[in-house]
1. Among the candidates A:387, A:435, single out the residue that is charged (D, E, K, R), touching a Leu at 6+ places or on another chain (Cβ under 9 Å) and not in a strand (DSSP E or B).
2. With respect to residue A:365, is the statement that it is modelled with pLDDT of 95 or more and either more than 30 Å from residue A:159 (Cβ to Cβ) or within 14 Å of chain B (Cβ to nearest Cβ) (or both) true?
3. Within segment B:101-116, is there a residue that is aliphatic (A, V, I, L, M) and within 12 Å of the chain's Cα centre (by Cα)?
4. Hey, any hits in segment A:497-513 for a residue that's touching a strand residue (DSSP E or B) at 6+ places or on another chain (Cβ under 7 Å), more than 12 Å from chain B (Cβ to nearest Cβ), over 10 Å from residue A:463 (Cα atoms) and part of a strand (DSSP E or B)?
5. For residue A:383, state whether it is within 14 Å of another protein chain (Cβ to nearest Cβ), in contact with a Ser or Thr (Cβ under 9 Å, 6 or more places away or on another chain) and surrounded by 23 or more Cβ atoms within 10 Å (Cβ to Cβ).
6. Considering each of A:498, A:489 in turn, give the residue that is in contact with an Asp or Glu (Cβ under 9 Å, 6 or more places away or on another chain), among the β-branched types (Val, Ile, Thr) and surrounded by fewer than 22 Cβ atoms within 10 Å (Cβ to Cβ).
7. Within segment B:37-74, how many residues turn out to be part of a strand (DSSP E or B) and surrounded by 12 or more Cβ atoms within 10 Å (Cβ to Cβ)?
8. Suppose we filter segment B:86-111 for residues that are part of a loop (DSSP other than H, G, I, E, B), more than 11 Å from every other protein chain (Cβ to nearest Cβ) and at pLDDT 90 or above; how many remain?
Amino acid sequence: MAQIRDIKTGRVGAPPREPMPRRLAAIVAGDISGYSRLMQIDEEGTHNRVKRIERDLIEPSIVEHQGRLVKTTGDGFIAIFDSPVEAVRCSIVIQQNLIGRNAALPKHHWIEYRIGVNLGDVIIEADDVYGDGVNIATRLEGIAQPGEVYISGGIYEQIKHKLVCGYESLGDRHVKNITDPVRVYRVLSDPAALQQNRKRREGVLIFLLGLALLFIAGGALWYMLSQTGKLPNLASAPVSPPAEVQQAPAAKQPAPPVQPAPPAPTVAPTQQQAAPQPEPSPAPKQAAPLLPSASPAAPTAQPAPQAAASVREPEMISLRGGSFAMGSNEDVSEKPIRQVTVKPFAMGKFPVSVQEWNACAAAKACGFTATGKDDAPVANVSWSDAKQYAAWLAETTRKPYRLPSEAEWEYAARGGTQTRYWWGDQFQPGMVNCKNCSDILITDQPVKVGSLKPNPFGLFDMGGGVDQWVEDCWHKNYQGAPADGSAWIENECPSRVIRSGSWRKDSSYARTANRGSYDTNVRYPTHGFRVALSL
Amino acid sequence: MKFMQRIVLAAALTCLPFAACAQGKPAHKEALLYFVWPQNGTIIKGGFWCRFGLRNMGVTHAGDTYPNSGHHHLLVDVNEPLNPNEPIPQDKSHLHFGAGQTEARIELPPGKHTLQLVLGDADHFPFNPPVVSQKITITVK
């Protein structure tokens with residue numbers, strides 16, 4: 001420690017006392033973002049509100065978590081704690097309470113704190129605390145987003161297995177006046193915060209979807225207007241020749257783009273197909289809504305969007321990735337618990353549905369046509385079947401769709417939690433579809449995707465519904481498993497990993513760490529899968 | 001009318017696979033499923049190779065519908081009776097050998113355990129009547 005400074009003034013000093021009262025402490029530094037702006041809007045009001053927050057929220061929270069408020073500055077405070085866990089807990093409590101307090105106010109009146117937490121050897125005096133440990137805490141606070149808690153690597157190491165929340169690694173950061181880079185983590189404090197994140201993303205998605213629908217509708221109109229003269233009875237003839245009864249179960253609904261999927265690259269042949277009636281397989285009913293989706297793309301002559309438009313892609317949710325403790329001590333196969341870092345990726349919001357699967361089957365790229373309701377998860381698929389679907393989807397959409405790795409699956413299933421289930425340590429009915437998990441007897445099994453609750457990442461059926469294949473080869477435990485979130489594979493593996501429980505497995509299989517194995521090429525009626533997308 | 005016909009046919013076709021599965025395939029009258037090893041009462045140290053024996057029927061890959069053949073399932077410490085109208089469950093105590101395996105490396109925690117073999121058809125349903133082995137008890141040290 002080259003220099004000991006007062007954090008705010010930069011004054012060198014504080015040597016007076018004889019035995020320097022040094023100790024290791026968790027330092028919490030907080031300050032209000034945009035304080036001067038708030039003061040400009042309403043000086044007295046802001047001052048009063050800040051004082052009230054300090055008196056009603058910050059001071060009691062610190063005391064409650066066995067900490068000590070060292071000092072308050074105009075727009076911030078510094079507190080020390082013996083325990084890193086308590087320090088972070090206290091920070092989360094403060095942030096969550098502030099959300100509640102701000103909720104009733106217009107956005108420009110919000111008082112939002114940024115909080116940094118660091119572990120360091122510091123000098124403690126009655127009314128202040130010194131040391132570069134304090135400086136780092138204030139720097140962390142400085143780079144934190146309003147409403148967020150940023151912690152240093154030292155704190156993270158202490159709390160990672162003890163505090164039930166997610167942590168996002170922000171990598172090594174250089175902070176002002178500190179030579180060594182500091183490892184920074186963002187605390188994903190609660191599911192609500194994640195939910196918010198998701199909503200923002202959903203908003204964008206819905207907007208894009210709306211735009212796409214508008215396009216399709218416009219195309220449909222254009223097509224109908226241009227075709228009315230030629231084929232007057234096309235739209236009003238849903239009855240198809242009896243010859244295609246074989247395909248009836250698959251084609252029941254507005255279902256998948258049956259035939260036109262393979263010849264999609266060019267529009268011309270597709271149109272020709274619709275005109276001559278004797279063509280046995282594509283029912284006119286299906287051909288009609290499909291063509292328009294291809295036609296608006298035609299003028300741009302870009303093959304990629306056109307192909308994408310012809311396939312119903314599974315709904316995906318982007319995940320930021322991060323570090324988490326994978327595994328548990330409940331079963332030998334789930335040991336040892338290790339820290340795994342997952343890169344950003346997108347995960348299917350639901351398991352792949354019968355309708356989505358049958359688009360692949362219709363394109364002759366998947367092995368069989370699935371029966372069951374369109375919105376039920378596809379089941380009775382082997383790992384190889386699942387792999388075929390992912391390969392087909394990647395090819396038709398030109399996007400890197402694939403099966404998730406086991407680490408990605410668990411990261412996604414946990415949704416930032418470290419508990420037994422993604423909703424806590426105790427089982428609760430109505431969260432996932434498993435055997436004897438609900439007092440209501442469900443006769444139709446498996447129930448349609450997304451019938452129950454989403455986890456904090458917004459993913460449905462992570463733990464129930466259907467068992468879900470992942471990319472990894474089966475290994476009886478995690479000894480020697482990669483820590484970078486990639487799939488653990490060898491050349492030939494006779495069995496692969498299945499995750500999640502199913503509607504025929506009891507609640508203990510709904511645990512986020514639960515894992516099982518099954519023969520790579522064998523189908524079983526409860527086995528399904530979801531897809532992942534590399535970002 | 002044609003439309004109605006189509007609906008009925010579609011419904012019938014949807015139900016067909018379930019109806020076909022509802023009862024297992026007929027088993028050979030003298031089919032015999034048994035443990036080659038371990039035998040009832042064996043005391044074992046650590047992991048072991050469990051070997052499955054089958055007489056008068058054949059072992060095949062799950063999904064293959066050759067007559068008079070099926071694939072093995074090993075039930076570990078299972079007490080509830082088998083439901084002949086449902087596929088054999090797949091979980092930590094119902095091990096499947098759908099690739100046509102006739103032996104498997106088994107690792108169990110120390111203590112007494114029961115083992116039982118059940119032959120499943122192409123769709124993992126038990127045969128009719130069920131082809132099951134004697135339920136044996138072993139002790140793992």
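The values are calculated or read from the model by the stated rules, or taken from the named source; none is laboratory data. The model shown is predicted, which means the values in this text are computed figures rather than measured ones. Heads up, the Cβs are rebuilt from the backbone with ideal geometry, glycines too, and the neighbour counts pull from every protein chain shown.
1. After ruling out the rest, the residue left standing is A:387.
2. In short, no.
3. No - not one qualifying residue is present in segment B:101-116.
4. Checked against the condition, which is being touching a strand residue (DSSP E or B) at 6+ places or on another chain (Cβ under 7 Å), more than 12 Å from chain B (Cβ to nearest Cβ), over 10 Å from residue A:463 (Cα atoms) and part of a strand (DSSP E or B), segment A:497-513 yields at least one hit.
5. Yes, satisfied.
6. The conditions single out A:489.
7. As a first pass, look at segment B:37-74 and keep what is part of a strand (DSSP E or B): B:37, B:43-44, B:48-55, B:58-59, B:69-74.
Okay, now just the ones that are also surrounded by 12 or more Cβ atoms within 10 Å (Cβ to Cβ), so B:37, B:44, B:48, B:50-54, B:58-59, B:69-74.
Of the residues in segment B:37-74, 16 are part of a strand (DSSP E or B) and surrounded by 12 or more Cβ atoms within 10 Å (Cβ to Cβ).
8. The first filter runs over segment B:86-111 and keeps only residues part of a loop (DSSP other than H, G, I, E, B), leaving B:86-90, B:92-93, B:98-102, B:107-110.
If we keep only those that are more than 11 Å from every other protein chain (Cβ to nearest Cβ) as well, we get B:102, B:110.
Subset that is at pLDDT 90 or above: B:110.
Matching residues across segment B:86-111 total 1.
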